[in-house]
Structures are given as C-alpha cells and as structure tokens.
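Have a look at the structure below before the remarks.
Since every read-out is calculated from the coordinates, none of them should be taken as a lab result. Computed from a predicted model, the values in this text were never measured in an experiment. Reconstructed Cβ throughout: ideal geometry from the backbone, glycine too, with neighbour counts over all protein chains shown.
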Amino acid sequence: MDIQKIRSDFPILNRKVNDHPLVYFDNAATSQTPQVVIDCIVDYYSNYNANIHRGVHSLSQEATDKYEQARETIRAHFNAKFTREIIFTSGTTDGINLVAHGFSGLLKKGDELIVSALEHHSNIVPWQMLCESTGANLKVIPMNDQGILDMQAYNELLTDRTKLVFCNHVSNALGVINPISEIIKKAHHVGAAVLVDGAQATPHIKPNVQELDVDFYVASAHKMCGPTGVGMLYGKEQWLSKLPPYQGGGEMIAEVTFEKTTYADLPHKFEAGTPNICGGIAFGAAIDYMNEIGFAEIHDYEKELLDYGTSELKKIPGLKIYGETAHKAAVISFNLQGIHPYDVGSIVDKLGVAVRTGHHCAQPIMDYFKIPGTVRASFAFYNTKQEIDTLVSAVKLAQKMLS
Amino acid sequence: MTIQEIQNEIVDEFSMFDDWMQRYEYMIELGKSLPLIEDRYKTQANIIKGCQSKVWVHAELQDDKLVFTADSDAIITKGIIAILVRAFSNQSPQAIIDADTKFIDEIGLKEHLSPTRANGLVSMIKQLKLYAVAYQTQLN
Ligand SMILES: Cc1ncc(COP(=O)(O)O)c(C=O)c1O
C-alpha cells in the first residue's frame, strides 16, 4: 500500500487546524472523502442531475442507470443474492428504524428481543420504542471487562419467545469485533431473525451477508468514505417481502386510488419519495474506491496502526485502554487516570488532533465501566504511525497540563 | 467592582499570554480558586444540561446580591465556570441579567462559545442568567 499516494487522494488531509497539520483520528464518527467521490458528486450535479425512475427523458434515464448501478455495486460488495435485497436508506439509524417499524405488526405481547450490551443508542432506542408499542420485552447480552459478550448468557436468553436479535458487528465505543456468525447461528436455532449493525465494521471489513446468513445488515456511507445522509439496508428477500412499507409516498407504489394502493415491488416498496440520488451514486463510488485499495490491505495496515498505537499509548503511565482484546478494529478507547476525557480532548485538539470524547452514544457501556466517557482515537487506512506519534505527545502534554 | 470592571480585569490578565497553552494553564489555575458548591447541592437538578462534563451551579441571595458556587468534574470546564462565577457572583440579579458576555471572545475562549462545543459555555451563561431572573422576580 502506497500510503503517500493514498493520502494525496484526500484533500482535507492537507489542511491545518489550530496552526497544526490535521491529525484526523475521529474516523469512527465519520470518514474523510477521497477526491474520486467528491468528483462523482460534482459530476452528478454538473452533468446529469435529474429525478429517477420517473422521466422518459435521457437525463432521467442516465441518473436512474447510475443510481441502480450503485445499488448493484453495493449488492456485489456485500455479496447479497439479489439487487432487490438492497434498500437505500438515509443511514444506519434509518435502516434500523425501518426494520423496527416493520416488526411492529409481527410481534405480540410477551415476545422477546435480545440486544447486546455493546450497542450504539441507535440500535437500542428504536427497539425500546418497538417493545413499548407491542408489549414485547427487551433482554440484554452482558459483557465482561474486556468488552467481550458473554455467549453463555446469550444461550440462556434464547428461547422460543425470542423473535429478533440485534447486535453491532463492531462496537463503536470500544472497537471490539463481535462474534456475529455464532450469534446468528444460535438465533436461527430458535427461529429468531438477526439484524447486524455494520456501521463500524464496514469501514474495515467486507461482510459477506450470504455466508453470515444474516437476516438484516445495515451501514452508513459516511463511515466508508462516502457522503452523509445515505446508507444501505440489506434484508433477505423473504423478510423484506413480509415487512410492511415504512413510509408512504411516491416511488413506493404500484397503483394508487383513493380506495386502495398497491405497493411497488422490492426494493422500491421501502423507498418512498425522491431519494438521495447523488448520495447513492457517490456511495457506490466510495465502495469502488475502497475495493480498489483492497480490504485485505486495509486490514493489515490498520492492524499495524492499531498495534503500534496501543503499545505507544500504553507507555504513558496511568493510561487505561477499554476493550483491549485480540479481536478488534482500529479503535482505541482510553482514559488518563484521574483526568476527564473532555479535558484531554480539548488539549489535543489545540495540537490539531481530532479525537472523539464522551460516551460515544453508548451510555450503557460507560455505566458498566463507571466512567463519564472515554477518549476515542479511531484510525483509517489513510492514517500513519507518525500521526500516532503526534497523538501520543499531545496526550502526554495534556497529562502534564491537567495533573 | 461592577461586572464590566471585573470583565475588563479578566481581559487584561489574559492579554498577557501569547499562546493557547498559557491561557489554558491560567484557566486551570483559576479553576482552583472557584468557590465550591456544597456537596448537598450537587444534585441532579443543579446539573447544567448541554455539557459533556458535569457542571453543578448553586445560587443564593445574600444582602440582595446573588452569590454563585459551582463545581465540575472536568478541569478545563471548572476553569471556565470559575471565570464566569468571578464575573457574575456578588452582583445584583438585575446587573447579571443586563450583563453582556463579549469578554469571553476577547480572552480567546471563543471556541467554547460555539453551540456545537460539548462543554456548553452557552448553557452555563444561560443558567446563571436564569438564576438571576428567578431571584429578581423574588425581589420585586
Ligand atoms: C455502531 C453504530 N451504529 C449506528 C450508528 C449511527 O449511524 P448514522 O448516524 O450514520 O445513522 C453509528 C454512528 O456513529 C454507530 O457507530
């Protein structure tokens, strides 16, 4: 991997922040955008901006073709069986809400849903709302101090009342990779469906939805070098056919009269209104870009960054890493003893280092560790060891100033 | 001293520093002089919402003047609230209501004023002013 060439693909990496070169370690919140994706967005608005699936005119046809090509790119990337199993959404949160809404008619009082202790609020709250409206109960798979899920406890939670299990592929707060393959197999034994939140996995891993045999898989383009406001939901055809539409409107209908409306076939049934056309096309371009670099290469390089960052940060006395396991993505969540993560984040920002501080939308995890939050440095394939050195000296300075 | 005079004094002190590090170090120092809120007032109700770190503020009227005590679990936030308390404490509620907060900008802490900044300096100022409004109606 030619890291200098890759870095030159990302114009933002040239900028300065607070008079220092930007060190962007907040990739888990959103990734940066390569020039090819920016060009794709400019090209769309400059050359073929038109509404899709509606016009007979050439421009509309061109935009429709590009949009549907992007859907095919996503299908191929996730190895879904059919293109119609890929639904464009506005992001991970939207995809989860779509599925939760769909299940509201399929659940009854006393049914059970299982969630992991490691979830992002977006993979907790929609299900709580679903439980409230249906009378179903939410059960939690506990985790241990390393952020590893207790699979024994999971076995015991699974019963014939279990209807749905949802879990993230990679935890956003700790970076831990969850054993989703095992989670899915076991859920299927009791006839439950599984939704995997891939928001944090997809920047690092190429998931194979058929091999995983997962029922639903959701992700956001903006964490995979794509634009904000667009994402994908994969659903097995038999599930997507069973779920009712999410929103009503144009695009999602076959025929409308005031007496009765029949819905369009998959995937359009779930895509009401004019979608984020440009975003969807750019999502496809982002996936192409990442595949050109190669996920195996990305994995190896990020592993190097993770190992280096972990060992360098651990040299700082009083620094504790949360969720330090062998099986994790390039995310380091840590605290300095006796120092609030917010203070550390404020100081390192002054040196141009962007990290996330706080509870990372995963308050239950912070409650488990009895901390107000962590400092989270999340790496991407365009980061370097040199940048990690900058982070380490910035953290050392913060420690000196704050203790 | 009036609020304006105290603010000018703070601006003068900060003008001696020429980089952010000195400003932050001074702010951390000021945090140590913050009149601390009594533990019994560190309640959920006294936490200022909109801050990533916890900030508690308590106000009480002493001889028609409003006196603030506060604390935070983050050091920089404690410094910021200390600056605000220094500027606003021991003043009449009306003076606090009328005061402007341009000095924050002048001491180079503008970035903390941004509503997107999770420490919620804006929320702190609003809370101090809300206390002043509440006590002002009591005085009337
Ligand atoms: C694990 C996880 N799930 C869901 C989300 C929500 O994604 P979005 O805001 O793109 O809908 C995030 C984003 O931070 C995440 O990390």
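Determine the dipole magnitude for chain A: charges of +1 sit on the beta-carbon of Lys and Arg, -1 on that of Asp and Glu, nothing else is charged, the reference point is the Cα centre, and the result goes in debye to the nearest 20.
That gives chain A a dipole magnitude of about 740 debye.
Ranked by Cβ crowding within 10 angstrom, fewest neighbours first, how are A:SER393, B:SER72 ordered?
On the way: A:SER393 14, B:SER72 28.
Sorted ascending by nearby Cβ count, the order is A:SER393, B:SER72.
What spacing in nm lies between the two simple spin-label points modelled at A:LEU59 and A:LYS320, each 7 Å away from Cα in the Cβ direction?
Taking the two extended label points, one gets 6.0 nm.
Can you give me the Cα centroid spacing of segment A:287-342 and segment B:60-111 in angstrom?
Comparing the Cα centres of segment A:287-342 and segment B:60-111, I get a distance of 40 Å.
Can you tell me the orientation of helix B:75-88 relative to chain B, as the angle in degrees between its alpha-carbon axis and the longest Cα principal axis, to the nearest 10?
60
Of the DSSP beta bridges with both residues in segment B:3-139, give the percent that are antiparallel, rounding to the nearest 5.
90
Based on the Cα atoms of chain A, what semi-axes does the equivalent ellipsoid have, where each is the square root of 5 times one gyration tensor eigenvalue, given in whole Å with the largest first? Mind dumping the intermediate values first?
On the way: eigenvalues 257, 163, 56 Å².
The equivalent ellipsoid of chain A has semi-axes of 36, 29, 17 Å.
Run the simple label-point estimate for B:LEU139 and A:GLU237 please: 7 Å along Cα→C-beta, distance reported in nm.
Between B:LEU139 and A:GLU237, the simple spin-label model gives 7.6 nm.
May I ask for the distance between the Cα centers of segment A:1-34 and segment A:362-393, given as a whole number of Å?
About 17 Å separates the Cα centre of segment A:1-34 from the one of segment A:362-393.
Taking the Cβ of each residue in A:SER8, A:SER311 as the centre, tally the other Cβ atoms inside 10 Å and list the residues starting with the fewest.
Exposure proxy ranking, most exposed first: A:SER311, A:SER8.
For peptide A:338-348, what's the mean number of Cβ atoms from other chains within 10 Å of each residue's Cβ?
That average works out to 6.
Can you list which of the trypsin sites (Lys or Arg not before Pro) found in segment A:302-403 are DSSP loop residues with at most 11 other C-beta atoms within 10 Å?
On the way: sites: A:LYS303, A:LYS314, A:LYS315, A:LYS320, A:LYS328, A:LYS350, A:ARG356, A:LYS370, A:ARG376, A:LYS385, A:LYS396, A:LYS400; in loops: A:LYS315, A:LYS370.
Listed in order of number, the matching sites are A:LYS315, A:LYS370.
Each label point is 7 Å from the Cα along the Cα-to-Cβ direction; what then is the distance between the points at A:ASN144 and A:LYS81, in nm?
3.8
What FRET efficiency comes out for B:GLN62 versus B:MET16 if R0 is 35 angstrom and r is the Cβ-Cβ distance? Round to the nearest 0.05.
The calculated FRET efficiency here is 0.60.
May I ask for the angle, rounded to the nearest 10°, between helix A:92-103 and the longest principal axis of chain A, with both axes built from Cα atoms and the value confined to 0 to 90°?
Tilt of helix A:92-103: around 40 degrees.
Below 11 angstrom from the Cβ of B:GLN4, what's the summed charge of the other residues (Lys, Arg +1; Asp, Glu -1)?
Value of the local net charge: -3.
Tell me, what is the FRET efficiency for A:LEU106 and A:GLN152 to the nearest 0.05, using R0 = 25 angstrom and their Cβ-Cβ distance as r?
Taking R0 as 25 Å, the efficiency between A:LEU106 and A:GLN152 is 0.30.
Compute the label zone of A:ASP300 within segment A:363-386: residues whose backbone N is under 14 Å from the point 7 Å along Cα-to-Cβ.
none
Quick one: dipole size for segment B:3-139, taken about the Cα centre, charges +1 on Lys/Arg Cβ and -1 on Asp/Glu Cβ, in debye to the nearest 20.
The calculated dipole for segment B:3-139 is roughly 660 debye.
Using alpha carbons only, how many degrees (0 to 90, rounded to 10) separate the axis of helix A:385-402 from the longest principal axis of chain A?
It works out to around 60 degrees.
Work out the charge dipole of segment A:241-366 with +1 on the Cβ of Lys and Arg and -1 on the Cβ of Asp and Glu about the Cα centre, then indicate which of A:ILE277, A:ALA296, A:SER311 is farthest towards its positive end.
Farthest along the dipole direction, towards plus: A:SER311.
For every helix of n ≥ 4 consecutive DSSP H residues, a contribution of -39,500 (n - 2.57) applies; sum these over chain A, divide by its total residues, and give [θ] at 222 nm rounded to the nearest 500 deg cm²/dmol.
That comes out to -12000 deg cm²/dmol.
What residue among A:LEU138, A:VAL42, B:GLY79 has its Cα farthest toward the positive end of the dipole of the protein assembly as shown, where the charges are +1 on Lys, Arg and -1 on Asp, Glu, each on the Cβ?
Toward the positive end, the furthest listed residue is A:LEU138.
Quick one: work out the % antiparallel among DSSP beta bridges in the protein assembly as shown, nearest 5.
Values: 38 of 59 bridges.
Taking every DSSP beta bridge within the protein assembly as shown, about 65 percent pair in antiparallel fashion.
Which of A:VAL125, A:VAL42 comes first, and how do the rest follow, when ranked by fewest Cβ neighbours within 10 Å?
Lowest to highest Cβ neighbour count: A:VAL42, A:VAL125.
Sequence-distant or interchain residues sharing an amide H contact under 5 Å with A:LYS328, placed H: which?
Residues meeting the criterion, in which the H sits 1.01 Å from N, are A:ILE177.
Just the number, please: percent antiparallel of the DSSP beta bridges in segment A:38-292, rounded to the nearest 5.
45
What is the Cα centroid distance between segment A:150-192 and segment B:4-48, reported in whole angstrom?
48
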